[in-house]
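A short worksheet on the structure shown next.
Read-outs throughout are calculated quantities, based only on the coordinates presented, and are distinct from any laboratory measurement. Please read all numbers here as calculations on a predicted model, not as lab measurements. Note that we place each Cβ from the backbone using ideal geometry, even for glycine, and neighbour counts take in every protein chain shown.
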């Protein structure tokens, strides 16, 4: 191919983006095809609009439109909901979805974060812990539970290879679905021009966890799940090893309410806790980022001294498949892009060389999954606690570090053992395999009441 397709060249010139064809003459045929594919997938008019609005931050609602999340169900035994959740699982109507597009760079781990070894005794990876929870629940229900793994361009191949190497951690390969989230190009902050990673390739980055929804639709996964009889999708993030995957009681509470979306809620530890704030905006369930909540509203307390905005978001949701089909049929396209100014390495077409910027030089664009929440007509919020269900792995040291998360896994296991009548000495590191126990009631058959645990160990 001696030159780019004429219609593509005309369209690029119309939007001032013809520089992306730089170096065309020295590209191989497969590089021509890849670049043309990237360019034909772009909505150049939308990119121009986004650039023109770069200084118009998404508006934060006025305080009079924001109210506390009402009706959060307590973290208490609900036998009716549990039975309904178990029936839903037994009917084969539930799939699980882990968002795993990120790498462990902040941990000093240049691989998909799900591969990070986090078991405090076993050294099991995040992926293995999650997969074994799905397998453990499958064995209880005796019905297959699809495990959906959302990856990114950077993590897809290595994630697939990791699962294959470990024989899918016991899950049937036919029940494990890998799919990539979408991408968005980066724009030069000063000019709005598309940035090149190198000649023949645009610089792109993942389009945010909100891209999960459109990726499921675009790949045909939502249709495949529908034909399989799936009605509910349990959503969680890969960096949280404590999550109760496909928790029957939570599922039952969701199904009982015929909810579009249900969400676990944890109490904030302070007004400026670094969690999304679950609130009502104009009467609709919404999330306001901790950085966007006005300080006066964040600090406001009720007559008993409790924070009025107190519901934190641990990113544990259940979506009805019908709801996801509805929002991806058109409404998702109206979800806003969140703009971020970043340092992005790029290829300078004037110098014909790579440039590593020293300051912010680019705009990146992401959609957030919580922007679909206001589209839900019916929803449920259910309380949980950090100790039982939320210790995300994010940093190499300090808060949310491997040391802290491993201790949280061990502390939860020790809680379960004590509830079963065992004595666990202070400081002892213990771990319970998800294949042996998914909840405290499963532990009683594994240990005799009065057992003294005085050294580190693994119960599997």
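Hey, what's the Cα Rg ratio for the range 395-460 versus the globular rule of thumb, 2.2 N^0.38 Å?
After normalising by residue count via 2.2 N^0.38 Å, the value is 1.14.
If you take the alpha carbon radius of gyration of the range 145-256 and divide it by 2.2 N^0.38 Å, what ratio comes out, to two decimals?
Here the Cα radius of gyration is 1.32 times the empirical estimate.
Among 309, 10, 432, 281, rank each residue by its count of other Cβ atoms within 10 Å, from fewest to most, as a rough exposure measure.
If I rank by nearby Cβ atoms, fewest first, I get 10, 281, 309, 432.
Could you state, as a whole-number percent, how many of the C-alpha pairs of the range 310-360 are farther apart than 14 Å?
The calculated P(r) of the range 310-360 puts 75 percent of pairs beyond 14 Å.
So how far, in whole Å, is the C-alpha centre of the range 200-246 from the one of the range 34-48?
23 Å
Test of understanding: express the Cα radius of gyration of the range 341-455 as a ratio to 2.2 N^0.38 Å, with N the residue count.
Against the compact-globule rule of thumb, the ratio is 1.77.
So if I take the alpha carbon set of the range 263-331, get Rg, then get Rh from the Kirkwood formula, what is the Rg over Rh ratio?
Radius of gyration relative to Kirkwood radius: 1.06.
If one takes the longest principal axis of the Cα atoms in the chain, at what angle in degrees, from 0 to 90 and to the nearest 10, does the Cα axis of helix 79-90 lie?
50 degrees
At a 10 Å Cβ-Cβ cut-off, how would you order 308, 49, fewest neighbours first?
49, 308
Report P(r) for the range 375-421: all Cα-Cα distances, bin width 5 Å, range 0 to the bin holding the largest distance, values in whole percent.
Pair shares across the bins are 5, 19, 19, 16, 13, 12, 8, 7, 2, 0.
Could you tell me what percent of the DSSP beta bridges with both partners in the range 60-390 are antiparallel, to the nearest 5?
65 percent
How high is the relative contact order of the chain, in percent, with contacts defined as C-alpha pairs under 8 Å that are six or more residues apart?
20 percent
Along each of the three principal axes of the Cα atoms of the range 239-303, give the extent in whole Å, ordering the values from largest to smallest.
Rounded to whole Å, the extents work out to 38, 31, 24 Å.
Would you compute the Debye intensity of the range 124-180 from its alpha-carbon atoms alone, equal scatterers and no solvent, and pass along log10 I(q)/I(0) at q = 0.17, 0.18, 0.21, 0.28 Å⁻¹ to two decimals?
Relative scattering, expressed as log10 I(q)/I(0), comes to -0.51, -0.57, -0.76, -1.24.
With runs of 4+ DSSP H residues as the only contributors, calculate the mean residue ellipticity of the chain at 222 nm using -39,500 (n - 2.57) per run, divided by the residue total and rounded to the nearest 500.
-8000 deg cm²/dmol
In µm²/s, what is D for the chain at 20 °C and 1.002 mPa s, where D = kT/(6 pi eta Rh) by Stokes-Einstein and Rh is the Kirkwood radius from Cα pairs?
Estimated via Stokes-Einstein, D reaches 89 µm²/s.
How would 431, 77 line up from fewest to most surrounding beta-carbon atoms within 10 angstrom?
Going from sparsest to densest Cβ surroundings: 77, 431.
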